[in-house]
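Since the structure comes first, as structure tokens, the remarks are kept for the end.
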Amino acid sequence: MYFIGIDLGWKMNPPRERGTALCTLSSRGQVEKIELVTTDEEIINEVTSKNHIWVGIDAPLIIPDHNKLRKCEKTLFSRGIRLLPTNRLFFERKFGGCRGEILASKLLSHGFRFPDQLSSEDRILFEVYPYGLLYIITHGKVPSYKKGGEYKRREHALRALHLASQWEPSLEIPSELKDEINRVPRRDLTGVADKIDALLSALCVYSHWINRGRRTESIGDNDDGFIILPRQEAID
């Protein structure tokens, strides 16, 4: 069984060069690959190269036609977790389209599907939210590895990895990623942050599988959109 996390670049036509990060975890929590890609075709080629796979995507995959908050987003806001509300017109104006929804549609045509409760089958798509994962497991003290000074971003990136491995001890953080955090030029720290988000995205669905939903929950539904996140009661 494999678990791929996708930190999807939302910009379309054209997508940002190397603006999407992919991370593949094995069923033992080992990072088998982590990379930056650009196009949907690159994503699909990687995702469809394996049969037994769950995929977690950091982007809205189900977008209702109304312009109200999705039920899952209302729940997150009520818990103090901030996010960009899903709005089709805004996404089309800001990003050129709803890339998560479009990618999900392409993957559905390749035999993937959304889960029915806690599915044990393969080729399942999940929406995930790395910031929300970190917010829950840190009680709101999220490491700031995407903004601030260079030293702070590196330090907080390493802290995010440490927190992730504390939450799911079977996760094996590759030393190469830690080295990259410490050594890349400042201009490449954005790509490093994307890789961390991809790892957290993969970790969320991996934990959902290995713990059979006891430490994670699905917020929302398949009609209005859903997000997989850690259970707060499993952290307290």
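The values are calculated or read from the model by the stated rules, or taken from the named source; none is laboratory data. Just so you know, these numbers come straight off a predicted model, no measurement behind them. Note: ideal-geometry Cβ built from the backbone for every residue, glycine included; neighbour counts use all protein chains shown.
Could you list all residues from the stretch 6-26 that are surrounded by fewer than 20 Cβ atoms within 10 Å (Cβ to Cβ) and touching a strand residue (DSSP E or B) at 6+ places or on another chain (Cβ under 7 Å)? Scanning the stretch 6-26 gives Arg18, Ser26. Could you grab the pairs with beta carbons closer than 7 Å, sequence gap of 6+ or different chains, first residue in the stretch 176-202 and under 13 Å from Thr20 (Cβ atoms) and of a type in the set (A, V, I, L, M, F, W, C), second one at pLDDT 95 or above and buried (at least 23 other Cβ atoms within 10 Å of the Cβ)? Here the result reads Ala193/Tyr145; Ala193/Ala157; Ala198/Gly5; Ala198/Ile6; Ala198/Asp7; Ala198/Ala21; Ala198/Leu22; Ala198/Cys23, each pair linking the stretch 176-202 to a residue that is at pLDDT 95 or above and buried (at least 23 other Cβ atoms within 10 Å of the Cβ). Taking the criterion of being of a type outside the set (A, V, I, L, M, F, W, C) and within 22 Å of Asn211 (Cα to Cα), the residues of the stretch 142-173 that qualify are His162, Ser165, Gln166, Glu168, Pro169, Ser170, Glu172. Just the residues that are more than 25 Å from Phe226 (Cβ to Cβ), among the basic types (Lys, Arg) and in contact (Cβ under 8 Å) with a residue 24 or more places away in the chain, please, taken from the stretch 27-56. Matches in the stretch 27-56: Arg28 only. Scanning the stretch 204-219 finds one or more residues that are closer than 18 Å to Pro169 by Cα, surrounded by fewer than 16 Cβ atoms within 10 Å (Cβ to Cβ) and touching a Lys or Arg at 6+ places or on another chain (Cβ under 8 Å).
Could you tell me whether the stretch 51-63 includes any residue that is at pLDDT below 95 and charged (D, E, K, R)? Scanning the stretch 51-63 turns up no residue that is at pLDDT below 95 and charged (D, E, K, R). Among the residues that make up the stretch 140-159, is at least one of them modelled with pLDDT under 95, among the acidic types (Asp, Glu) and either surrounded by fewer than 13 Cβ atoms within 10 Å (Cβ to Cβ) or assigned to a loop (DSSP other than H, G, I, E, B) (or both)? Looking through the stretch 140-159, none of the residues is modelled with pLDDT under 95, among the acidic types (Asp, Glu) and either surrounded by fewer than 13 Cβ atoms within 10 Å (Cβ to Cβ) or assigned to a loop (DSSP other than H, G, I, E, B) (or both).
Identify all residues within the stretch 1-26 that are outside any strand (DSSP E or B) and in contact (Cβ under 8 Å) with a residue 40 or more places away in the chain; write none if there are none. Outline the logic, then answer.
Of the stretch 1-26, the ones outside any strand (DSSP E or B) are 1, 8-19.
Listed by number, the residues that qualify are Met1, Leu8, Gly9, Trp10, Lys11, Met12, Asn13, Pro15, Arg18, Gly19.
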